[in-house]
Amino acid sequence: MARQVNAADAVLVAEEVERRFEAVEALRGVSLSVRCGELFGLIGPDGAGKTTMVRALAGLIGVHGGRVRVLGRDPLRNPVVRDAMGVMPQHYSLYGDLSVIENLRFFGRLFCLPRREFTERSARLLDITRLAPFTDRRADALSGGMYKKLALACALLHRPAVLLLDEPTNGVDPVSRRELWELLHEFVGEGMAVLLSTAYMDEAERCHRVCLLHGGCVIAAGEPRALVRQLEHPVFEVRGGDRVALHALLEGFSGVIAASPAGDRLRVVLVASTVPALTAELGTLGAALAPVTADFEDVFLTRIAAAGDAPRASAAARPLAGPVARGDA
């Protein structure tokens, strides 16, 4: 069921936010809202404006238009609001020469946690992140997944009402990705508002609601399954034939809205009226179309094509920068 969120119910609100970096318009009128107990995804390729939006919501940068509110206040001008937030940036934020427990102690002091509270919270976080056996290991000696889980533990140490995560699973192995998502759903179940940015389309499908960004603009927003149901174009797999020849055909065929690799096959979103013509042309290459169920990546590629300011998504070059292939969980 789609979650309808009114600004009055939201703990995290952005209204027509604009942000520039000299001549670059990183955000162009972005609006969103997140409430307690909701997992909200900022979805888009590199350069879409995701990190800028997260930084603006965290109060780390100002905006040139619109406004940002966290718990009803401007996070840039109300440092107290920032105490209610946990922030996990995309790039390394821990002290590599400190151990796991030393990093936790540092953040415990930063948040002015009493010793008893720190002991209780750090013990629980070490347990649920499975880092308890590694408390003496230096942060720079952790694997990518363990490092991300430590960063998440540090961000959660003071029990924030709002958690902001910038591409938290980027560069993390599939097992650690799954564990991180299990943790996020646990925190959301406890009432925390979580906003995360990601370029992974399979992660978008795990969010309650999403905002699709492209070129600093919102190109779609809503509940992922609803957006998939609203896709008006049929989706097919191209099976058989020579891959190079198929690339060339799809690149030049006007009825192809979007195309992307799907294992050893190609996946295409088509204008319905052009299906017979493409079927005939594929037949000359020893290939055929097979209808498949649309997924969220099909939606995103179609929306990018509809935005009109980017080349049509092609099978030869995926427009998304996500390092994980379709269907890799």
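The values are calculated or read from the model by the stated rules, or taken from the named source; none is laboratory data. These numbers were taken from a predicted model, which means no experiment stands behind them. Every residue, glycine among them, receives a Cβ derived from its backbone with ideal geometry; neighbour counts consider all protein chains shown.
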(request) Evaluate the following for VAL100: is it of a type outside the set (Ser, Thr, Tyr) and in contact with a helix residue (DSSP H, G or I) (Cβ under 7 Å, 6 or more places away or on another chain)? (result) yes
(request) Can you give me the number of residues within segment 277-309 that are of a type outside the set (Val, Ile, Thr) and within 16 Å of GLY252 (Cβ to Cβ)? (result) 8
(message) Kindly evaluate ALA313 against the criterion of being surrounded by 17 or more Cβ atoms within 10 Å (Cβ to Cβ), in contact with a helix residue (DSSP H, G or I) (Cβ under 6 Å, 6 or more places away or on another chain) and at pLDDT below 95.
(response) yes
(request) Consider only pairs whose beta carbons are under 8 Å apart and that are at least six residues apart or on different chains; among these, list those whose first residue lies in segment 272-286 and is more than 17 Å from PRO234 (Cα to Cα) and whose second residue is charged (D, E, K, R) and at pLDDT below 95. (result) LEU285/ASP242; GLY286/ASP242
(request) Return the pairs, sorted by first residue and then second, in which the second residue is among the aromatic types (Phe, Trp, Tyr), the first residue lies in segment 36-64 and is in the same structural domain as PRO79 (by TED's automatic domain parsing), the beta carbons are less than 7 Å apart, and the residues are 6+ apart or on different chains. (result) ILE43/PHE300
(message) Can you tell me which residue is surrounded by the fewest Cβ atoms within 10 Å (Cβ to Cβ) among those in segment 161-197 that are in a loop (DSSP other than H, G, I, E, B) and hydrophobic (A, V, I, L, M, F, W, C)?
(response) ALA161
(request) Name the one entry in SER93, SER99, SER122 that is among the small types (Gly, Ala, Ser) and either outside the structural domain of CYS154 (by TED's automatic domain parsing) or at pLDDT below 90 (or both). (result) SER93
(request) With the checklist (1) out of contact with any Ser or Thr (no Cβ under 8 Å at 6 or more places or on another chain); (2) modelled with pLDDT under 95 in hand, flag the one item HIS64 doesn't pass. (result) (2)
(request) Residues being touching a strand residue (DSSP E or B) at 6+ places or on another chain (Cβ under 7 Å) and acidic (Asp, Glu): count how many of those fall in segment 42-86. (result) 1
(request) Just give me the residues in segment 28-53 being surrounded by fewer than 22 Cβ atoms within 10 Å (Cβ to Cβ) and within 17 Å of MET88 (Cα to Cα), in sequence order. (result) THR51
(message) Quick check on segment 126-160: of everything there that is buried (at least 21 other Cβ atoms within 10 Å of the Cβ) and of a type in the set (D, E, K, R), which residue is nearest to the chain's Cα centre (by Cα)?
(response) LYS148
(message) Condition check: surrounded by 17 or more Cβ atoms within 10 Å (Cβ to Cβ), of a type in the set (A, V, I, L, M, F, W, C) and assigned to a strand (DSSP E or B). Does VAL87 satisfy that?
(response) yes
(message) Criterion first (of a type in the set (Lys, Arg), surrounded by fewer than 19 Cβ atoms within 10 Å (Cβ to Cβ) and in a strand (DSSP E or B)) does ARG239 satisfy it?
(response) yes
(message) Being more than 27 Å from VAL299 (Cβ to Cβ), within 21 Å of the chain's Cα centre (by Cα), of a type in the set (D, E, K, R) and not in a helix (DSSP H, G or I) is the requirement here; does ARG69 meet it?
(response) yes
